[in-house]
Every structure is written in C-alpha cells, then in structure tokens.
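Participant: Pasting in a structure now, in structure tokens, and then I'll have a few things to ask.
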C-alpha cells in the first residue's frame, strides 16, 4: 500500500472553473512535495470537472471525486477528509491563492513544535483589486502570540473574537480530528463553526507560523457560484450549541466556558443585527428569549458572575437593547429611528461641545444619511466622515469628504460607529491608535434606554 502523504489539502469546488487554473498553478509550485490534494466536486455545471480530470492525469498527487448530488461545502470537505490518510489536514477554497512555500512553512512549524494546529497569516483581495489590501492575522493583534506554542486557556478571553476563525487560516492534525470526532456540520450556513471552534478548544499545542511573509490570499466577494452562500442565523445557534455539548462531553467546559460565553455573546449580537427580514428577526428574537440563551448557558448566576466586569456591562446592554420589541418593527428604519430620537442626537452634540471634542462618524454606508440628515435638522454636523473603503475615501458623501481614520485620528476625540455588526472590530482599530477616544455605537444608544454616558466606551 502506498504511504499516505504528510498533508491532505481538501478543496470543495462548485462551478469554480474560472478560478481553478490559478489555484492549480499555486499547488504545482509548492516547495514541499509530500502532500495530496483532494478536489470534491459538488455537481458543477461548468468546466470544473474537465479541468480537474485533466489536472489529475498530469499530477499524481491530485485526486478528483464528484458528489452524486449537491451536498454543500461541509459534506464535501468531510468526504475529502475521510478518504485521505494524511497526518495533517488543510482546507482551501477553490477561488483563493497560496504562496509557493505555504505547505512547507506549515509543516516545518508543526513538526518542530509537535503542534495540533498551525495558524497563519492571510491577506484579502477582490476579483477586481489584486492589490493585497489588508493583513488580517488576529485582526492585527499579533501581540496575542506571546509564546511560541500555546493553547486557548493561556489566551485572553476574547481570543476567539479576535481570531479570524476560518477553515483556511490553519492546518489541523488528523489525530485531533479523529480523537474528538470533529467534522463539518451539515448545515446550510455556519457549517464550519463547530469544526473551527471545537478544534481550537481541543488543541493542546497551537503554533503560529513565524514567517514574515503572508502565506494565504483570500479572495473577497466572489460571485454567487460559491459552494455555500445562504446565511441562516438559526444555523449559528445550532453550531454554538453543538460546541457547548462537545465541551461538556469531553470535560472541557469548566476550563473553557468563559471563552465560549464571550464568543457566543459576540456571535449572538451579530446574528440579531444581520437579519434583514422582519420574520427572521422575530424568529431569532423568539428563539433567544425562549430557549437559545439558556441552552448556551448564557443566563444565570454562573455565567454572569464569571464574566469580567467589562463583559458584564456589555451583556447587560445587549440584553436590554436586543430584546426591545422596537428593534423588530419593520417601520423602524435607521432613518426613522434617528428622526424619532432627535433629543438623544442633540445630547451627543451637547456632550462633545461641553467636553471640547471633535466628532467623527465611522461608516459611509446607506444608513449614514439617516444620522447626518437628522443632525442637520437640529443644526448640527459631524466633523469627519470615516470609512476603511479606499473606494469611498476622497469622495464627498452627505456633504462631507470621506477620509481614513489614520489621517484624522489626532483630531477626533469622540467617535460614533454606525455598523453594529462590526462594532468590536472598528472599536479595536480606533483604540489601537488612540486609547483616549470616546466611542459610541449609535444603534445601541438609540435603541437603548441607557443614558449617553452609560453607552460611551
């Protein structure tokens, strides 16, 4: 019997014909040769099958299999992992790119430290902008990796939030997957949550590649022919519940529960505010109130009193804000919300004037007009409009030029964040530059019964 390769690379594919040649080229240029690639075709209707069959003929370390029916990315990955016999597993997507020494760097780190998991750098790019725009390792918090090798118990409680938590930014030991029966869940969305979270919880030896070079390049906003696309917030809750169940089954709950709670809180907040349709909002709202929070252990004395004080306050605001029925009124658009809370908006400007601060508004999206126009109706305006998008920077929107935060960080003493979903990421970006900036999530403040001072962070 032929010996198994050191690394199994699993690639689920669906109608990826226009991207595959680039990935195939990257794989054939790998400096490390002891690997096998398993392409799992989820019933593509374009030229994917032909491309991969030709590639398999020319490369003995390429393997091709095709599902009998559409199964989705999760089942396709599980199938690829099951047929491979390698010591380590890496999951890639068909539309992304890797450095020539991608596998070599991973295996060197794994072998040297006898690691269960190796994490790595990535950069994001779009189909239209091949310039590498953003390093996203731990959302730019490299200081988290103070040790060469670590496990989650040694990391800050918000470690999981600050990590990218993606299948493509790590290599995992097969022994770890087999020992704890870790698989991708058969869910329409959030099907990788259990695989990512529980493997991170279970790993005793995690290492990060020490190379200064980026190894993985993640293509953003690919067209809707990706193998998985639909998002269902209920799937996220099901995945989180499965993680909790596994932590208890393997007697890890007591040591890891606070890490889990912090991640669950962050995830729950995002799930509530990404819902676009009223019926879905109500579904999520009802689930959380009736069963969801209790199932996840996010209620009651053990949870509350084991949280650090800052997270207690966050939870209190979330619990008070998220479950206000007005959050789910179809008529309550952000503009309508601003127009109905002019007194609260006026209080913001009174506060910044009293404190002698300049005010920035982070987010040049569709909702921004609601706040800007409401402020104008009471004779007020923000000093700076900020957005990370280079496509928006330099343009005039709502009577203000959009600028980068770095260009005006010294002037701003008070920042309003409009995007509830990415509030924590933006908050950390602001504080990394200036810790004294006062930050307000405008949606939380307007929905909440709390005072302005209570909502400022």
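Participant: Among 431-437, 182-188, 87-93, how do they line up from the highest to the lowest mean number of other beta-carbon atoms within 10 Å?
Facilitator: Order by mean packing, descending: 87-93, 182-188, 431-437.
Participant: Points 7 angstrom from Cα along the Cβ direction at residue 186 and residue 43: gap in nanometres?
Facilitator: Spacing of the two 7 Å Cα→Cβ label points: 1.4 nm.
Participant: Quick check on the range 334-455: take the gyration tensor over C-alpha atoms, sort the square-rooted eigenvalues as a ≥ b ≥ c, and tell me if it's rounded (a/c under 1.5), prolate or oblate.
Facilitator: In terms of gyration-tensor shape, rounded.
Participant: Using the per-residue mean of other Cβ atoms lying within 10 Å as a proxy for protection, in what order, highest first, do the peptides 105-116, 287-298 fall?
Facilitator: 105-116, 287-298
Participant: Return a whole-number percent for the relative contact order of the range 6-125, with Cα pairs under 8 Å and 6 or more residues apart as the contact set.
Facilitator: Relative contact order for the range 6-125 comes out at 38 percent.
Participant: Now for a separate question. So what is the relative contact order for the range 334-455, in percent, with contacts set as C-alpha pairs under 8 Å and at least six apart?
Facilitator: That works out to 25 percent.
Participant: At what distance in nm do the modelled label points of residue 422 and residue 25 sit from each other, each positioned 7 Å from its Cα along Cα→Cβ?
Facilitator: 2.9 nm
Participant: Please report how far the C-alpha centroid of the range 59-92 lies from that of the range 402-443, rounded to the nearest whole angstrom.
Facilitator: Going from one Cα centre to the other spans 42 Å.
Participant: Measuring from label point to label point, each 7 Å out along Cα→Cβ, what is the residue 205 to residue 66 span in nm?
Facilitator: Simple spin-label model gives 4.2 nm for this pair.
Participant: Multiply the residue gap between residue 406 and residue 383 by 0.36 nm, knock off their C-alpha separation, and tell me the result in nm, one decimal place.
Facilitator: So the extension gain works out to 6.8 nm.
Participant: If you don't mind, there's one more thing I want to ask. Taking square-rooted eigenvalues a ≥ b ≥ c of the alpha carbon gyration tensor, is the range 65-108 rounded, prolate or oblate, where a/c under 1.5 means rounded and, failing that, a/b exceeding b/c means prolate?
Facilitator: Oblate.
Where a number appears in this text, it was derived from the coordinates with a stated rule and is not lab data. What you see is a predicted model, and the numbers here were worked out from it, not measured in a lab. Quick reminder, even Gly has a Cβ in these numbers, built from the backbone with ideal geometry, and neighbours come from all protein chains shown.
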